[in-house]
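Colleague: Got a structure here, written out as structure tokens. Questions coming.
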Amino acid sequence: MRFPGLFNKKEQSIAELKMPPASKGFYRTAFKRLRKNRAAMASLAVITILVIAAVFAPVFAPYDPLYQDLDNILSPSSPQHLLGTDDLGRDILSRIIYGARVSLTVGLVAETIAIFLGVIIGTVAGYYGGKIDAFISRVMEIFASFPQILFAMGIMFALGPGIINVFMAIGFVGWTGVARIIRGQIMQLKEMEYVQAAKVAGCSNFRIIFKHMIPNCLSTIIVIAAMNIPSDIMVEASLSFIGLGVQFPNPSWGSMVNIASRYIRIAPTFSIYPGLAIIITVLAFNTLGDGMRDALDPRMKSGKR
């Protein structure tokens, strides 16, 4: 059963990836193609630096992100504070470094939740088809009809602010896109000869799904995750900006921009630096995701189908 208009443009570009059965040689060749993409490799380097800085934040941060130097409130860049200080005299560079922990953790954990739900639900819909597929597809259309950020805000209002609730809210609203793409992939794979042979051999549906079908969707899942993580980071920053995400005094890029907006005229750099951190991180993940998509299926880059 087909449902016209079920995909948006971003999901269509991912769904059109037609992967051969997964193998070590396939991924090795894909990585070689990825290495030739300078923009993707530069983005990977940026993401690696961000991850290292976040993991070893106590080493790289010059100050405790919660330490208040009330004699240096809203001070400009200086040798003591390279990016200046905020409204409470806290070092902005240290808070940006620790804020990277929040953004990257939210992106990874929330997307893991979305991937888990989306892969399971999409696989069930695509493999069994019929009334099950029709019901799940209608549920996906209902969920997809709500803007992601508004849906996440509604969940956060119900659950209350906090980092754990942010994980749940973003992961719960992000599964529909994953499910729709995986559904399409499974519908193609279940017609493959090796799947039909497994059915004839008496393999259970559980074994066919988890042993033969989902592993061959791994390339698509990797691309989905890489392209959805920046969206999750933006949603977290938006939630923190309006006070529903990470709570004071813990550092978050979104909450830093919110506080800085009050002092935009007298200390414009206060909001510029965390804003740049968000932009650079989102662009890096988007560029890497595009590069991975092209590396895993060169036809996407050349425009061939």
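Colleague: Within the stretch 148-174, track down each residue that is surrounded by fewer than 22 Cβ atoms within 10 Å (Cβ to Cβ) and either hydroxyl-bearing (Ser, Thr, Tyr) or closer than 18 Å to Met227 by Cβ (or both).
Modeller: The answer is Gln148, Ile149.
Colleague: Does Arg180 satisfy being modelled with pLDDT of 85 or more and over 28 Å from the mean Cα position of the chain (by Cα)?
Modeller: No; evaluated as a whole, the condition is false for this residue.
Colleague: Counting just the residues of the stretch 55-70 that are part of a helix (DSSP H, G or I) and loosely packed, with under 12 Cβ neighbours inside 10 Å, which one comes out modelled with the lowest pLDDT?
Modeller: Leu70
Colleague: If I filter the stretch 227-258 down to residues being polar (S, T, N, Q) and assigned to a helix (DSSP H, G or I), which single residue comes out as surrounded by the most Cβ atoms within 10 Å (Cβ to Cβ)?
Modeller: Here the residue is Ser240.
Colleague: Pairs please, first residue from the stretch 45-74 and at positive phi, second anywhere and surrounded by fewer than 17 Cβ atoms within 10 Å (Cβ to Cβ) and of a type outside the set (Phe, Trp, Tyr), Cβ atoms under 7 Å, 6+ apart in sequence or on different chains.
Modeller: Every condition considered, the pairs that remain are Leu74/Asp87; Leu74/Ile266.
Colleague: Let me ask something additional. So which residues in the stretch 138-158 are under 18 Å from Phe241 (Cβ atoms) and part of a helix (DSSP H, G or I), if there are any at all?
Modeller: Answer for the stretch 138-158, where residues must be under 18 Å from Phe241 (Cβ atoms) and part of a helix (DSSP H, G or I): Gln148, Ile149, Leu150, Phe151, Ala152, Met153, Gly154, Ile155, Met156, Phe157.
Colleague: Scan the stretch 87-132 for residues that are among the charged types (D, E, K, R) and surrounded by fewer than 21 Cβ atoms within 10 Å (Cβ to Cβ) and report the count.
Modeller: 3
The values are calculated or read from the model by the stated rules, or taken from the named source; none is laboratory data. Because the structure is predicted, anything quoted here is derived from the model rather than measured. Positions of Cβ are generated from backbone atoms using ideal geometry, with glycine treated the same way; all protein chains shown enter the neighbour counts.
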